[in-house]
Amino acid sequence: MIRIIKECLANLAKKPFTRNYPREAVDVPECFRGLHSYDRDKCIACGLCERVCPTDAIKVDRVKRRITINIGRCIFCGYCQDICPKGAIKLTKRFEIIKTNEEKNFSSR
Amino acid sequence: MHIMFGQIILGLIAFALAMLYEGIDRKIHARMQNRRGPSIFQPFFDFAKLIKKEIIIPRWSNKNLLLLSPIFAIAALLLIFTIVLTQESVNIIILVYFLLLSAAFTIIMGFSVISPFMSIGAIREILLVVSCEIPIILSLIAVAVKQSSLYIQPGVFILALPFSGLAFLLSILGKSSRTPFDIPEAETEIVAGYATELSGILLGFARIFSNLKIPVLISVFVTFFLGRPDSMLIYISEIFFLSFVVTIIRTITARLRIDQALKFFIFIAIPLAMIDVIRASMP
Amino acid sequence: MTVFPIGPQHPALLEPFSVKVDTEGERVKGVEIRLGYAHRGIEKLFENMNFYKTIPLAERICGICSGAHTICCSQIFENCLNLEISNRAKCIRTIVAELERIHSHLLFAGELMHIIGFKTLFMFFWKIREYVLDALETISGNRINYSMSTIGGVRRDIDEKISKITLNCLDKIENKVREYIRECEGDKLIKLRTEGIGLLSKSEARKYCCVGPVARASSLEIDVRKDIPYAFYGSIDFDIVVFDEGDVKARLLARLYEILESIEIIKQAIKNMPDGNIKTRFPWKLNEGEFMACVEAPRGELFYYLFSKGGLKPYRMRIRTPTYANIASLEVMLQDANIADVPVIISSIDPCISCLDR
């Protein structure tokens with residue numbers, strides 16, 4: 001019990017361990033899996049990302065050479081990033097993607 | 001008219017004291033665990049929110065007992081506070097009676113609804129009250145024997161009766177349900193003990209009652225063992241600062257089982273209080 | 001005789017399951033356990049998906065032992081496709097699995113302290129756990145559901161910078177864990193609440209087929225990492241932790257000493273990491289037959305069984321989680337216990353109900 005008393009009294013003098021999140025910024029590491037970034041010039045509309053996605057969240061439009069990602073179904077696993085032959089889809093470090101107004105199906109791009 | 005006005009003011013001061021005590025207690029508890037903790041005025045916001053909520057009365061319950069017992073429990077404590085703060089000589093039987101009455105209303109609160117959690121909380125409260133009221137009564141008897149009268153007066157008795165003072169402090173922990181003796185309202189075993197089915201303003205009263213016990217019991221200790229100074233400000237700040245010893249003890253200990261707590265009180269606290277009764281009665 | 005419900009919603013349980021105890025006064029005379037509140041039909045979902053898409057599904061069966069499920073699922077498909085993965089991938093899988101074991105045991109220790117009312121040690125254990133989660137986030141990108149393992153190897157590499165950050169984190173927590181072990185062994189109040197409670201003898205543990213730290217605390221020496229070595233465990237030198245008493249304190253100490261062993265394993269793995277590539281190509285068609293894979297999750301032995309008829313979709317996948325094996329022993333441990341001890345005993349087997357109900 002003496003150990004606990006010493007540590008508790010020492011803690012009274014230290015700064016708290018809690019991070020005051022919305023008021024101070026939080027940094028994330030390099031390989032964090034956040035929101036996607038899609039480079040339309042590099043995309044060749046091969047359809048590999050649509051085939052490998054575990055939840056069928058990506059739809060490829062072969063005619064217009066464009067993809068649609070349903071963020072409601074996406075689980076941010078990163079399989080599309082691994083399999084894309086040209087590196088057109090990348091997962092960035094953005095994680096604050098909450099919106100305040102209601103949007104049906106919450107799609108992007 | 002004057003007396004009623006004075007009582008209302010004293011009641012409001014006691015409520016504010018209890019809520020301020022809870023706020024600072026939670027803040028110190030959190031800082032000792034290296035986290036941030038709620039703001040000091042959080043209990044005030046909680047009480048204001050609870051006033052607006054609806055009181056839900058379960059079907060298998062006694063409505064009158066459920067609605068009235070928290071209020072009577074707080075009333076008993078406020079009476080002790082008033083007597084100890086203002087009177088010059090206090091009848092010891094009245095003091096002991098109202099201390100027991102506040103515990104009795106807690107037990108009635110626990111039995112007013114048929115629910116397994118409340119029943120077990122009330123049974124544990126009975127066992128705990130039986131064992132930790134006796135050291136308090138014995139300590140006050142020691143003071144009474146020292147003064148050779150049943151009407152005890154405030155004075156400095158800690159040097160003459162140190163064992164009784166220690167036994168009194170130990171039983172304050174048990175009577176106010178703080179770790180290691182927070183058995184009747186153990187959160188992780190019986191949800192909330194005797195306060196499980198309360199809602200709305202009754203829950204606010206139950207929380208104020210639980211947090212008012214400590215300043216009131218510490219004020220009894222300060223009055224009869226450390227002496228009552230003339231200035232009311234010094235008196236109230238003495239009570240306030242001594243209450244935080246309970247906070248420190250609550251942070252560094254775990255919770256005991258009811259049979260282990262009973263063994264502690266019967267074999268350690270009661271003999272300590274008995275020593276001083278015998279010592280005080282010898283010439 | 002009152003029936004006292006430690007029901008689906010209770011502050012002592014992290015996850016929903018129901019234990020109804022028949023009591024006489026404060027003593028327990030009978031136990032009734034009900035499960036199934038978190039059932040999601042995952043084994044049925046396995047039959048409808050292409051096999052390379054099932055790895056994220058297996059990962060999300062449980063939040064605390066998610067790394068073990070991913071490794072087991074990858075291993076069973078590698079057995080099916082007769083694939084041999086590189087040693088570097090095996091080493092990285094070992095590092096992630098051991099870091100997950102550390103974080104799971106720290107979570108258990110904090111939760112047990114919370115239930116006996118010792119809120120201070122609860123906060124201290126979870127504070128150290130934050131360092132481990134930061135290390136996992138640097139390695140894999142996410143604090144839970146790391147998705148590091150895949151069929152054929154691992155998805156991300158561990159370079160110099162990341163291993164230095166991991167070793168830094170391990171140094172920070174090793175001294176603290178030793179200090180808290182001495183506290184748990186010596187403190188009088190913890191001894192009063194955990195010693196001699198929830199006894200499980202060696203013969204009963206064998207009869208009820210217990211696995212994991214519950215069995216190791218009742219002097220059974222079973223551990224998949226030593227009996228059927230997988231990943232990199234064949235070339236690492238470590239001991240398994242066995243206690244003889246079989247009560248709640250023995251289970252707590254068994255897990256805490258396992259944290260120290262895991263720290264040793266990670267240090268050896270980082271020092272001896274072999275070179276090579278981390279992924280292997282695999283054919284996109286399953287072979288026919290029956291296959292199985294076995295892994296030591298933080299709670300015990302995790303077992304996957306696959307029956308496949310060729311093609312792309314697995315015909316039937318059966319998962320046996322470690323809590324499923326341990327939960328029947330509750331009716332032995334709860335006999336003649338106090339009501340105040342029932343939540344302590346229930347949480348000492350470390351139940352993970354989302355694993356159990358799938």
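Please treat every number below as a calculation from the coordinates, not as lab data. Remember, predicted model here, so these are calculated numbers, not experimental data. Here Cβ is always computed from backbone atoms with ideal geometry, including for glycine, and neighbour counts include all displayed protein chains.
Figures for the structure shown
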| item | result |
| --- | --- |
| Between 0 and 90°, nearest 10: helix A:2-11 axis offset from chain A longest Cα axis | 70 degrees |
| Where only alpha carbons of chain B are counted, the Rg and the Dmax (Å) | 18.7, 61 |
| Gyration tensor (alpha-carbon) shape descriptor, chain C, a/c threshold 1.5 | oblate |
| For A:Y21, C:Y230, B:Y97, order by how many other beta-carbon atoms lie within 10 Å, fewest first | A:Y21, B:Y97, C:Y230 |
| Gain in span if fully extended, C:M292 to C:K44, counting 0.36 nm per residue against the direct Cα distance | 87.5 nm |
| Helix B:232-251 vs. chain B, principal-axis angle (Cα, 0 to 90°, nearest 10) | 70 degrees |
| Degrees, to the nearest 10: C:87-115 long Cα axis against longest axis of chain C | 20 degrees |
| Sorted by Cβ density within 10 Å, fewest first, the residues C:V3, C:V28 | C:V3, C:V28 |
| Disulfide-incompatible cysteines by the Cβ rule (no partner under 4.7 Å) in chain A | A:C8, A:C31, A:C43, A:C46, A:C53, A:C74, A:C77, A:C84 |
| Nearest-20 debye value, the protein assembly as shown charge dipole, Cβ charges on Lys, Arg, Asp, Glu | 2420 debye |
| Two-site FRET efficiency, C:K29 against B:I268, from Cβ-Cβ distance with R₀ of 25 Å, rounded to 0.05 | 0.20 |
| Sequence of C:S163, B:S69 once ranked by neighbouring C-beta atoms within 10 Å, starting from the fewest | C:S163, B:S69 |
| Relative pair counts by distance (%), Cα atoms of the protein assembly as shown, 20 Å bins | 14, 41, 30, 12, 2, 0 |
